[in-house]
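Working notes, structure below.
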Amino acid sequence: MRRYGKHTDEDDVRVRPNRKGNRPRTNIRPKHEDAAEGFVLTVDRGRLTCLVEGRTITAMKARELGRKGVVVGDRVGIVGDLSGAKDTLARIVRVEERSSVLRRTADDDDPYERVVVANADQLAIVTALADPEPRPRLIDRCLVAAFDAGLDPLLVLTKSDLSPAGPLLETYETLGVPYVVTNRAQLADGGAAELVRGRLADRITAFVGHSGVGKTTLVNALVPDRQRATGVVNAVTGRGRHTTTSALALPLTADAATGGKGGWVIDTPGVRSFGLNHIDPSRVIHAFPDLVPGTEGCPRACSHDEKDCALDGWAAEGHADPARLHSLRRLLATRERREGD
Ligand code: ZN
């Protein structure tokens with residue numbers, strides 16, 4: 001680290017009073033090197049609730065971050081009043097590099113992609129087997145988003161007492177997506193949460209699902225005292241309903257089911273659609289490592305869902321399970337179809 005380099009603007013040298021030595025600071029050193037590390041729990045109209053050294057504080061984005069977005073799951077550098085006292089507002093001055101970015105567009109025609117969650121490593125897709133009916137197209141879209149972002153998907157099926165899980169699971173068998181099947185009694189008595197909990201240890205898991213599937217019930221059972229766990233009061237009503245459009249990160253209690261490890265549950269607002277305008281098919285194929293070698297003969301920038309794709313011939317020669325290629329094609333095709341098809 002160079003401490004004494006060429007100055008680049010008039011703010012380079014600042015004298016900090018009340019600090020030992022009154023050393024001049026230069027911006028050749030990392031900016032705000034004394035910033036505390038924070039973790040973004042939720043975002044509400046420009047106010048970010050962050051966990052800093054065990055305290056929940058409110059912060060806003062520093063102007064110097066410009067248009068860079070800060071989202072739930074981000075690891076950030078924070079300066080200012082970090083006491084967490086009422087009416088204090090700290091500043092987020094840095095966003096650490098993200099290990100993953102879960103995106104969606106509101107609609108396939110929507111040019112604006114929204115980052116839903118940063119740094120998650122698992123996507124739990126909560127779907128009821130009946131009431132409401134499962135929507136395989138929506139599940140496929142969530143899978144594509146997960147594969148695109150490099151998240152491991154987890155299928156959480158609810159209400160198996162109303163309809164058996166078998167037919168739906170058959171659809172996903174060749175994808176090898178792990179799953180948990182639960183019924184309404186288990187949702188009510190916390191048994192469903194216990195089944196899911198073991199899969200969440202030491203991971204950051206984003207939960208998606210549309211209304212009525214039991215996602216909120218499940219998340220509430222996973223983090224029973226969510227309000228106290230995060231101090232996020234504004235975002236959660238007395239009923240535990242999450243009222244903002246932002247996701248909300250909740251700490252998972254370390255217990256026997258998680259092997260003594262914690263983890264994070266990130267509840268996302270109910271989604272009706274999952275726009276995939278931003279998806280890059282070349283990233284989705286990496287969720288199919290068995291098919292990747294077959295793409296060597298593909299034309300440049302092949303979507304792997306077009307006439308000249310080399311995968312058909314390659315699979316026909318017996319190099320891969322045709323069912324796997326069929327699954328990949330089904331997922332890629334879901335980019336093109338309208339929601340509700
Ligand atoms: Zn191809």
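The values are calculated or read from the model by the stated rules, or taken from the named source; none is laboratory data. Quick caveat: nothing in here was measured; it's all calculated off a predicted structure. Here the Cβ is made from the backbone with ideal geometry for all residues, glycine too, and neighbour counts use every protein chain on show. With ligands, DNA and RNA removed, areas are computed over all heavy atoms of the protein, side chains included. Shrake-Rupley method; radii C 1.70, N 1.55, O 1.52, S 1.80 Å.
For the range 264-304, taking the residues that are in a loop (DSSP other than H, G, I, E, B) and among the hydroxyl-bearing types (Ser, Thr, Tyr), the one that is nearest to PRO134 (Cα to Cα) is identified as SER273. Of the listed requirements (1) out of contact with any helix residue (DSSP H, G or I) (no Cβ under 6 Å at 6 or more places or on another chain); (2) buried (at least 18 other Cβ atoms within 10 Å of the Cβ), LYS86 misses just one: (2). Among the residues making up the range 305-336, those that are open to solvent by 20 Å² or more (accessible area, probe 1.4 Å) and in a loop (DSSP other than H, G, I, E, B) are ASP305, GLU306, LYS307, ASP308, ALA310, GLU317, GLY318, HIS319, ASP321, ARG335, GLU336. In the range 167-196, the residue that is farthest from ILE266 (Cα to Cα) out of those that are open to solvent by 10 Å² or more (accessible area, probe 1.4 Å) and touching a residue at least 60 places away in the same chain (Cβ under 8 Å) is THR174. Just one of the listed residues (GLY66, GLY73) is in contact (Cβ under 8 Å) with a residue 40 or more places away in the chain and out of contact with any Lys or Arg (no Cβ under 7 Å at 6 or more places or on another chain), namely GLY73.
Among residues of the range 304-315 that are under 17 Å from ILE279 (Cβ atoms), those with a Cβ under 9 angstrom from a residue that is near the ligand (Cβ under 7 Å from one of its atoms) and in a helix (DSSP H, G or I), sequence gap 6+ or separate chain, pair up as HIS304/THR295; HIS304/LEU311; CYS309/THR295. Looking across the range 130-146, the residues that are in a helix (DSSP H, G or I) and open to solvent by 50 Å² or more (accessible area, probe 1.4 Å) come down to PRO136, ARG137.
Taking the range 165-190 as the range and being under 23 Å from SER211 (Cβ atoms) and part of a loop (DSSP other than H, G, I, E, B) as the test, the residues that pass are ALA165, VAL177, THR182, ASN183, GLY190. Residues in the range 46-83 that are in contact with a Ser or Thr (Cβ under 8 Å, 6 or more places away or on another chain) and open to solvent by 70 Å² or more (accessible area, probe 1.4 Å) were compared, and the one that is farthest from ASP34 (Cα to Cα) is ARG47.
Can you say whether SER282 is polar (S, T, N, Q), over 29 Å from ARG45 (Cβ atoms) and modelled with pLDDT of 70 or more, as far as the supplied structure shows? For SER282, the condition - polar (S, T, N, Q), over 29 Å from ARG45 (Cβ atoms) and modelled with pLDDT of 70 or more - is met.
Go through the range 198-223 and count every residue that is open to solvent by 10 Å² or more (accessible area, probe 1.4 Å), closer than 18 Å to GLN122 by Cα and assigned to a helix (DSSP H, G or I). Of the residues in the range 198-223, 2 are open to solvent by 10 Å² or more (accessible area, probe 1.4 Å), closer than 18 Å to GLN122 by Cα and assigned to a helix (DSSP H, G or I).
Of the residues making up the range 286-302, those that are at pLDDT below 90 and in contact with a helix residue (DSSP H, G or I) (Cβ under 6 Å, 6 or more places away or on another chain) number 1. Selection of the range 72-92 for residues being modelled with pLDDT under 95 and either among the polar types (S, T, N, Q) or not in a loop (DSSP other than H, G, I, E, B) (or both) yields SER83, THR88.
Of all residues in the range 304-327, how many are near the ligand (Cβ under 7 Å from one of its atoms) and of a type in the set (Gly, Ala, Ser)? So the count comes out to 1. Quick one: would you say ARG137 is touching a helix residue (DSSP H, G or I) at 6+ places or on another chain (Cβ under 9 Å), modelled with pLDDT under 90 and over 25 Å from GLY198 (Cβ atoms)? No: the conditions fail for ARG137.
Within the range 147-165, being more than 12 Å from ALA120 (Cα to Cα), open to solvent by less than 20 Å² (accessible area, probe 1.4 Å) and aliphatic (A, V, I, L, M) holds for LEU154, LEU155, VAL156, LEU157, ALA165. Within the range 285-303, can you find the residues that are of a type in the set (Val, Ile, Thr) and either in contact (Cβ under 8 Å) with a residue 40 or more places away in the chain or more than 10 Å from the ligand (Cβ to nearest atom) (or both)? Answer for the range 285-303, where residues must be of a type in the set (Val, Ile, Thr) and either in contact (Cβ under 8 Å) with a residue 40 or more places away in the chain or more than 10 Å from the ligand (Cβ to nearest atom) (or both): ILE285, VAL292.
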